[in-house]
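*Asks:* Got a structure for you, written out below as structure tokens; questions coming shortly.
Quick note: the coordinates plus some simple rules give every number you see, no bench work behind them. Worth saying up front: this structure is predicted, and the values here are computed from it rather than measured. Quick reminder, even Gly has a Cβ in these numbers, built from the backbone with ideal geometry, and neighbours come from all protein chains shown.
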Amino acid sequence: MRSDSVLVQLCQDGDIRAFEELVKRYEERVYTVACSILNDADAAQDAAQEAFVRAYQSLGAFRTDSSFYTWLYRIVVNTCLNEARRNKRRGSRVSLEDLNASGSRLPEALFTTETPHDAVDNLELQETIQTMLDGLSEEHRMVVVLKDIEGRSQEEIAELMQCSLGTVKSRLSRARALLQERLRPVYDEWTGRDSV
């Protein structure tokens, strides 16, 4: 299998098949990122295609001393943010299971369902969490998605969002604090139902 740098060089020399190989290599990952930001399959598909078009058009400016996927990822994120702004969406939607899998600090009791009543409560809670995520500013929501859902390092997030590492840390801390503050009354109410 040819490396990304070899394929990029071939693309820069005009070999369109090399770019097709890069698309095949990354299309699933790009689509997954777009879905996590936009939470709309059709919009994510459109954004993924647009990101690949932009990448192809900008390939001449790509510096081979950096990772192709990191560069492509930044294009995907920016494309999705632009799409969200254009459509006045409130950004990514993240499931309760995604938050749990990310190692969030939410109580484990929120993720167990043993009865149909629990399942209904869990669905209501997921919707509440989603509403709270949607209520975050775009910058705060984005760092939560990139860190807690996508598993990106803070350094990668700083590069992707084109801001300082300190800004990423500050936004992430603030976003998590806001989510925790807003979820506490909901969690207290939810756990109170169990004792009734």
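*Asks:* Hey, with R₀ at 30 Å, roughly what FRET efficiency would Glu139 and Gln45 work out to, going by the Cβ-Cβ distance, to 0.05? Write out the running numbers ahead of the final one.
*Replies:* Details: r = 25 Å, r/R0 = 0.84.
Efficiency, from the Cβ-Cβ distance: 0.75.
*Asks:* Along the Cα→Cβ direction, 7 angstrom out, place labels at Arg85 and Asp65. What is the inter-label distance in nm?
*Replies:* Here the modelled spin labels are 2.9 nm apart.
*Asks:* Would you mind ranking Arg176, Arg63, Arg141, Arg2 by Cβ crowding within 10 Å, fewest neighbours first?
*Replies:* Details: Arg176 17, Arg63 7, Arg141 23, Arg2 12.
Lowest to highest Cβ neighbour count: Arg63, Arg2, Arg176, Arg141.
*Asks:* Right, another one. Could you order the peptides 148-154, 46-52 from most to least packed, using the average number of other C-beta atoms within 10 Å per residue?
*Replies:* Numbers: 148-154: 17.3, 46-52: 20.7.
Top to bottom by mean Cβ count within 10 Å: 46-52, 148-154.
*Asks:* Label points 7 Å out from Cα along the Cβ direction at Glu27 and Met1: separation in nm?
*Replies:* Placing both labels 7 Å along Cα→Cβ, they lie 1.6 nm apart.
*Asks:* Moving on. So for Val145, Val23, fewest C-beta neighbours within 10 Å to most, what's the order? Write out the running numbers ahead of the final one.
*Replies:* Numbers: Val145 26, Val23 16.
Sorted ascending by nearby Cβ count, the order is Val23, Val145.
*Asks:* Something else: Apply 1/(1 + (r/R0)^6) to the Cβ-Cβ distance of Ile16 and Glu181, taking R0 = 35 Å, and write down the FRET efficiency to the nearest 0.05.
*Replies:* Values: r = 51 Å, r/R0 = 1.46.
Between Ile16 and Glu181 the formula returns 0.10.
*Asks:* Please report Met132, Met1, Met142, Met161 as a ranked list, fewest other C-beta atoms within 10 angstrom at the top and most at the bottom.
*Replies:* Values: Met132 15, Met1 6, Met142 24, Met161 20.
By the 10 Å Cβ count, ascending, the order reads Met1, Met132, Met161, Met142.
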